[in-house]
1. May I have the pair-distance distribution P(r) for segment 220-331, computed from all Cα-Cα distances with 5 Å bins from 0 and rounded to whole percent?
2. Mind jotting down a quarter of the surface of the convex hull over the alpha carbons of segment 90-241, in square nanometres, one decimal?
3. Write down, largest first, the equivalent ellipsoid semi-axes of segment 52-167 in whole Å, where each equals the square root of 5 times an eigenvalue of the alpha-carbon gyration tensor.
4. Two decimals, Cα atoms only, Kirkwood Rh: what is Rg/Rh over the chain?
5. Say each of K63 and D144 gets a label point 7 Å from the Cα, pointing the same way as Cα to Cβ; how far apart are those two points in nm?
6. Among bridges DSSP assigns within the chain, what percent are antiparallel (round to 5)?
7. Could you list the square roots of 5 times each eigenvalue of the Cα gyration tensor of segment 1-83, that is, the equivalent ellipsoid semi-axes, sorted largest first and rounded to whole Å?
8. At most 16 other Cβ atoms within 10 Å and a DSSP loop assignment: could you name the GluC sites (Glu not before Pro) in segment 257-345 that fit?
Amino acid sequence: MKNLIDALEKNSALTKEEFTFLIKNHDEETDRYAALKARKIADDIYGKDIYIRGLIEFTNYCKNGCYYCGINCTNRDAERYRLSDEEILLCCEKGYELGYRTFVLQGGEDPFYTDDKIAAIVNSIKKKYSDCAVTLSIGEKEYDSYKKFFDAGADRYLLRHETADDAHYRKLHPESMSLEHRKKCLYDLKEIGYQVGCGFMVGSPFQTAENLADDFLFIHALKPHMVGIGPFIPHEKTVFADKKAGTLKETLFFLSLLRIMEKRVLLPATTALATIDSTGREKGILAGANVVMPNLSPVGVRKKYKLYDGKVCTGEDAAECRFCLERRIESVGYHVVVSRGDYKA
Ligand code: 5AD
Ligand code: FES
């Protein structure tokens, strides 16, 4: 097993069979070995710095019906909200004071926000905070829309591919959605010049070791700047309510493999990881992650942006999370930096 991890470090890839073998057979010793190697690689490139991104969940309306997601359009019980432009800018203002230099605008695929509206919001943030990066995470669009947002000043785009296997993709999404289009979006975004993030859920329903091997191969081919992974966690009002959550152990191991494969990649320790384990983010950092994305959304809407059950940090405000995170990160020997936290090429 260790020889496969060494080979991954050396060649930045494995065959599908090798990935599958590793994913099926890794044990505690393999995990430890991978985590140490992953941490060393991250330390060599990013030192003890951890980058923070202020997440603004600005709409929970969504036109899609992804089976795993708590804010999918079929959930009649979700209380829907949208933040106004002024509310979004207020989040940025508070965030800036707290040391954030990246703002992530995340939302469901909400047709209310036309391309022009999004471009205007991006533009107003960039005008006011020219030393900050703006990241969009608003789903699948066409090339021209992505280009418009980029020209308005957007720097980065997060769009998890969710799974790189077509049959698995169809088990997680309604027929109106396709893996082909999602992949096209990611390649379009790269071509336009965004720093791009893809990613997948660990332990999503019906996921196999072979599917995960394909995720690694897809990521290796795409060469994203960022990869977001976190455990799948069931949401009570979805068709996957009774499915099992992904585990801490698997998520940490995959974080390490991603770091070893794509050495410079920006790797967040996600809120979902913190939700399944009270020190999940800290463990994520020790396994190779170097980014955290705490919430800047107004406390009044936090509980409504519920993709899965039990989400942490829905009662705390921006300042509370900021300081809580600082302590947590320092507890494992790292520190938060006030910086855009760009990909180190
Ligand atoms: N559990 C964990 N992650 C989820 N996401 C959506 N629903 C869930 C869930 N039930 C993830 C998806 C999406 C990202 C914004 O959140 O991967 O891309
Ligand atoms: Fe939000 Fe700890 S990070 S409460």
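1. Pair shares across the bins are 2, 12, 21, 21, 20, 15, 8, 2, 0.
2. 9.9 nm²
3. Gyration-tensor ellipsoid for segment 52-167: 24, 17, 14 Å.
4. Dividing the radius of gyration by the Kirkwood radius yields 0.93.
5. It is 1.5 nm.
6. 5 percent
7. Semi-axes (√(5λ), whole Å): 39, 21, 11.
8. E316
Since every read-out is calculated from the coordinates, none of them should be taken as a lab result. Here the structure is a predicted model, which means the values were calculated and not measured. Because the Cβ atoms are built from the backbone with ideal geometry, glycine has one as well, and the counts that use them run over all protein chains shown.
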